[in-house]
Amino acid sequence: MPQTIIAGIGHYVPSNVVTNNDLLQYMETSDEWIQERTGIKERRYAHRTDETTTTMGAEAATIAIERAGITKEDIDFIVFATISPDYYFPGCGVLLQRALKMKEIGALDIRNQCSGFVYALSVADQFIKTGMYKNILLVCSEKHSFGLDFSTRGRNISVIFGDGAAAVVLQPTEEKDRGILSTHLHSDGESAEILAMYNPGTHANHWLKDAADFDEAPVGEMFMSHNMIDKAQNFPNMDGPAVFKKAVVKFPEVIMEALDKNGFKPADLNLLIPHQANLRIAQFVQQKLQLKDDQVFNNIERMGNTTAASIPIALSEAWELGKIKKGDLVCMAAFGSGFTWGSALMKW
Ligand code: ACO
């Protein structure tokens, strides 16, 4: 059975840099608070109208395809992971197919929040291993800046997120001891509401006690009502400390699961790319696994949390900086809303 390699990688982030101090015009916060709690100094925000989740993904995809030494005609399947899609439906996969003027190939959308890349990689890996596809384009992109609560009420979430995209081209190899060694996916829906965006949706308060009044909402206004907007129920919610507590347990656990499965120890890792949720979480994981500084790559200081795109943007940057070479043992691990979490271990 072939193994899956990353044959090409690229990323695209908007040119608009937004510093912590820039956020002071919208909300009560401070550079000191944000840096101390999250490690973030700045993030990128997409151009309001010229850049969408799909167009940023298309930019990244073009670089990844070129670096793989192929053309878009060679791509036989698209996987697109995001939680900030251009449309509620159809998903960004088909919009990317259109934007890049690709053939009538399949396009799959993945909605797994911060673990979107790891989940998408795992799915694509199965298609490559079975021989169904030979050149899968996996794109992750987020335009969070369009849907955050920029008032002081939403500051615990809004300061964390940034926009950006990354893409990889996945191909089979017959080379022994190369490519994705294993992927490990998990979920625990018990805590779904701890980090969630409820509306628009069809929940009708089935899970929530304090949401919009669906009994009163006129027919046609239940999906997204004036009431929801008045009550600011159209933004993401997060119990940050609860997410933090679970993340610092699950990150090391799922990294060790991948290493154990393949007979490696943390010291064997050339590079760990943790999902960039909070620098404090990444530092905790590094300490727990006793990894040296050069074994972990973080870019949250400059990018913020770009959810599905966070791991592949970091991977792309690390690769461009020459921090990943052929044969290196690379682990990618994510934890986020759902909760969903996962890891992927590969020999580059
Ligand atoms: N600026 C200033 N003060 C703030 C801000 C802000 N941006 N945000 C919150 N505060 C205040 C709070 O109001 C609170 O004030 P109080 O003590 O007077 O009530 C105080 O700071 C502490 O708030 P906490 O939420 O307890 O702060 P904490 O130290 O936990 O940091 C943070 C918050 C950064 C969100 C942290 O909990 C975290 O990173 N959690 C994990 C986030 C995460 O990993 N998310 C998953 C990825 S996202 C995804 O999957 C879509």
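Within segment 11-44, count every residue that is not hydrophobic (A, V, I, L, M, F, W, C) and not in a helix (DSSP H, G or I).
Here is the first cut: in segment 11-44, the residues not hydrophobic (A, V, I, L, M, F, W, C) are 11-12, 14-16, 19-22, 25-26, 28-32, 35-39, 41-44.
Imposing the further condition that a residue be not in a helix (DSSP H, G or I) reduces the set to 11-12, 14-16, 19-20, 26, 28-30, 39, 41-44.
Within segment 11-44, residues that are not hydrophobic (A, V, I, L, M, F, W, C) and not in a helix (DSSP H, G or I) number 16.
Which residue is nearest to the ligand (Cβ to nearest atom), if the candidates are limited to segment 7-52 and must be aromatic (Phe, Trp, Tyr) and surrounded by 14 or more Cβ atoms within 10 Å (Cβ to Cβ)?
Initially, segment 7-52 is screened for residues aromatic (Phe, Trp, Tyr), giving 12, 26, 33, 45.
The next check asks that each one be surrounded by 14 or more Cβ atoms within 10 Å (Cβ to Cβ); those that pass are 12, 26, 45.
On the way: TYR12: 20, TYR26: 11, TYR45: 16 Å.
The extreme case among them is TYR26.
Residues ALA204, ALA232, ALA212, ALA217: which one is farther than 27 Å from PHE150 by Cβ and either modelled with pLDDT under 95 or open to solvent by 70 Å² or more (accessible area, probe 1.4 Å) (or both)? Give the derivation first.
On the way: ALA232 fails: farther than 27 Å from PHE150 by Cβ; ALA212 fails: farther than 27 Å from PHE150 by Cβ; ALA217 fails: farther than 27 Å from PHE150 by Cβ.
Answer to the selection: ALA204.
If you check every pair at least six apart or on different chains, which have Cβ atoms under 6 Å apart with a residue in segment 191-206 that is part of a helix (DSSP H, G or I) first and a residue that is not β-branched (Val, Ile, Thr) second?
That search, which allows pairs on different chains as well, returns SER191/PHE339; ILE194/ASP239; ILE194/ALA242.
Being away from the ligand (no atom under 16 Å from the Cβ), open to solvent by 40 Å² or more (accessible area, probe 1.4 Å), modelled with pLDDT of 95 or more and closer than 30 Å to TYR198 by Cβ is the requirement here; does ASP109 meet it?
Values: away from the ligand (no atom under 16 Å from the Cβ): yes; open to solvent by 40 Å² or more (accessible area, probe 1.4 Å): yes; modelled with pLDDT of 95 or more: yes; closer than 30 Å to TYR198 by Cβ: yes.
Yes: the conditions hold for ASP109.
Spot the failing condition for PHE89; the list is (1) in contact (Cβ under 8 Å) with a residue 24 or more places away in the chain; (2) in a loop (DSSP other than H, G, I, E, B); (3) of a type outside the set (A, V, I, L, M), and only one is missed.
Evaluating PHE89 over (1) in contact (Cβ under 8 Å) with a residue 24 or more places away in the chain; (2) in a loop (DSSP other than H, G, I, E, B); (3) of a type outside the set (A, V, I, L, M) leaves (1) as the failure.
Name every residue in segment 53-85 that is without any contact (Cβ under 8 Å) to a residue 40 or more places away in the chain, away from the ligand (no atom under 16 Å from the Cβ) and more than 18 Å from ILE105 (Cβ to Cβ), in order of residue number.
none
Just give me the residues in segment 323-340 being near the ligand (Cβ under 8 Å from one of its atoms) and among the aromatic types (Phe, Trp, Tyr), in sequence order.
PHE335
Among (1) open to solvent by 20 Å² or more (accessible area, probe 1.4 Å); (2) assigned to a helix (DSSP H, G or I); (3) over 12 Å from SER84 (Cα atoms); (4) within 16 Å of the ligand (Cβ to nearest atom), there is one condition PHE150 misses while meeting the rest; what is its number?
If we test PHE150 against (1) open to solvent by 20 Å² or more (accessible area, probe 1.4 Å); (2) assigned to a helix (DSSP H, G or I); (3) over 12 Å from SER84 (Cα atoms); (4) within 16 Å of the ligand (Cβ to nearest atom), just (2) comes out false.
May I ask you to say which residue of ALA124, ALA166 is modelled with pLDDT of 95 or more, open to solvent by less than 10 Å² (accessible area, probe 1.4 Å) and farther than 23 Å from LEU279 by Cβ? Write out each step before concluding.
Values: ALA166 fails: farther than 23 Å from LEU279 by Cβ.
The conditions single out ALA124.
Please work out if PHE297 is modelled with pLDDT of 95 or more, touching an Asp or Glu at 6+ places or on another chain (Cβ under 8 Å) and not aliphatic (A, V, I, L, M).
Values: modelled with pLDDT of 95 or more: yes; touching an Asp or Glu at 6+ places or on another chain (Cβ under 8 Å): yes; not aliphatic (A, V, I, L, M): yes.
Answer is yes for this residue.
Does any residue of segment 254-265 turn out to be open to solvent by 20 Å² or more (accessible area, probe 1.4 Å) and within 16 Å of the ligand (Cβ to nearest atom)?
If we filter segment 254-265 for residues that are open to solvent by 20 Å² or more (accessible area, probe 1.4 Å), which is where we start, we get 256-257, 260-265.
Now restrict to residues that are within 16 Å of the ligand (Cβ to nearest atom): none.
No, every residue in segment 254-265 fails to be open to solvent by 20 Å² or more (accessible area, probe 1.4 Å) and within 16 Å of the ligand (Cβ to nearest atom).
Checking the structure you have, find out if any residue of segment 53-75 is assigned to a strand (DSSP E or B) and either open to solvent by less than 50 Å² (accessible area, probe 1.4 Å) or touching a Cys at 6+ places or on another chain (Cβ under 9 Å) (or both). Outline the logic, then answer.
The initial filter retains those residues of segment 53-75 that are assigned to a strand (DSSP E or B), namely none.
No, segment 53-75 has no match at all.
Looking only at segment 288-322, which residues are open to solvent by less than 40 Å² (accessible area, probe 1.4 Å), more than 16 Å from the ligand (Cβ to nearest atom) and not hydroxyl-bearing (Ser, Thr, Tyr)?
Correct list: LEU289, LEU291, GLN295, VAL296, PHE297, LEU315, GLU317, ALA318.
The values are calculated or read from the model by the stated rules, or taken from the named source; none is laboratory data. Owing to the predicted nature of the structure, the values given are computational and were not obtained by experimental measurement. Here the Cβ is made from the backbone with ideal geometry for all residues, glycine too, and neighbour counts use every protein chain on show. Areas reflect the complete protein model, heavy atoms only, side chains present, ligands, DNA and RNA absent. Shrake-Rupley method; radii C 1.70, N 1.55, O 1.52, S 1.80 Å.
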